[in-house]
Structure formats: C-alpha cells, structure tokens
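> First the structure, which I've put down as structure tokens, then a few questions once you've had a look.
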Amino acid sequence: MALRGSYSTSFRAPSVLQVSGGGTSLNQVTDPLGGTAFAAVRSVAPEGGRTIVPEQGKAWNFGFTWEPVGGLDLDVDFWNYTFTDVIIQENYQAVVNANPTDTSRVISSA
C-alpha cells in the first residue's frame, strides 16, 4: 500500500491592467427593460485605480494505492481547493440585470 498527500497555499496578485487599465469591447447584452442589443462596453478604472486584493488559495489532497492481488491496483484520492478574493472579469450582462437604470454603470440610447 502506498499513501500520498500534500497541502499547499497560493496567491495571485492583480495585474497592472486589472488595477488601473481600461478597455472597450463589443458585447451582446439583453436589456431586461426591452430587447437585445450589441453594446460597446467601456471599462474605465476610477482615479487612483481599483482596489483589488490578491487572490488566495489553499489546496490539500490525499490518497492511497492498494494492490490486493497481482495486476489489480485500486487508487483512491480525495482533494479540496478553496479560493478567496477570486479575481474575475465582471460580467456585463450581470451588471445590466442587477440595475438596468443605474446611469453610473449603464448608459442606454433607448
């Protein structure tokens, strides 16, 4: 029988672009107040940059291999990954769905 296991931690700092960058992209967004539109979405960082903390993670795993008879191996593994402060790109559709009349975040020509 062979036993194995590990524990690890990780972090990922936000990039300069994620903190202070911006960009424009074309996206198809469904307006909950009426219809589907292609929208030019512009991401603008606030003055001083965005407050983004590093993403952190913890992972552990353990398992064993057992060979009850020649030619038959049984492997059992358990694992767990936990992440906090995950850095992801905001979903444009979710912003519109949350508050389609928020003029500080959603500008509509309709």
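Each value in this text was obtained by applying a stated rule to the coordinates, not by laboratory testing. As the structure is a computational prediction, the values presented were derived from the model and not from experiment. Neighbour counts are summed over all protein chains in view; Cβ atoms, including those assigned to glycine, are modelled from backbone coordinates with ideal geometry.
> Based only on Cα atoms, what Rg/Rh ratio does the chain have, Rh being taken as Kirkwood's radius?
Answer for the chain: 1.26.
> Another question, then. At a threshold of 8 angstrom on Cα-Cα distance, excluding pairs fewer than six apart, so keeping six or more, what relative contact order does the chain reach in percent? If you can, show how the numbers build up before the last one.
Numbers: 165 pairs, mean separation 32.2, N = 110.
This gives 29 percent for the chain.
> When the C-alpha atoms of segment 1-65 are aligned to their principal axes, what extent does each axis show, in angstrom, from largest down?
62, 34, 17
> So how do 56-68, 2-14 stack up, highest first, on mean other-Cβ count within 10 Å?
Highest-to-lowest ranking by the protection proxy: 56-68, 2-14.
> Separate question: How far is it, in nm, from the label point at Met1 to the one at Thr36 when both lie 7 Å from their Cα along the line to the Cβ?
For the pair Met1/Thr36, the computed spacing is 5.7 nm.
> For an R0 of 22 angstrom, estimate the FRET efficiency from the Cβ-Cβ distance between Ile107 and Ala13 and round to the nearest 0.05.
The calculated FRET efficiency here is 0.10.
> So how strong a dipole does the chain carry about its Cα centre when Lys and Arg Cβ are +1 and Asp and Glu Cβ are -1, to the nearest 20 debye?
My answer is approximately 360 debye.
> With Rg and the Kirkwood Rh both taken from Cα atoms, where does Rg over Rh land for segment 43-103?
For segment 43-103, the value is 1.35.
> Which of Asp31, Asp73, Asp85 ends up with the largest GNM mean-square fluctuation for the chain, with Cα atoms connected below 10 Å?
Comparing Asp31, Asp73, Asp85 in a Gaussian network model of the chain, the most mobile one is Asp73.
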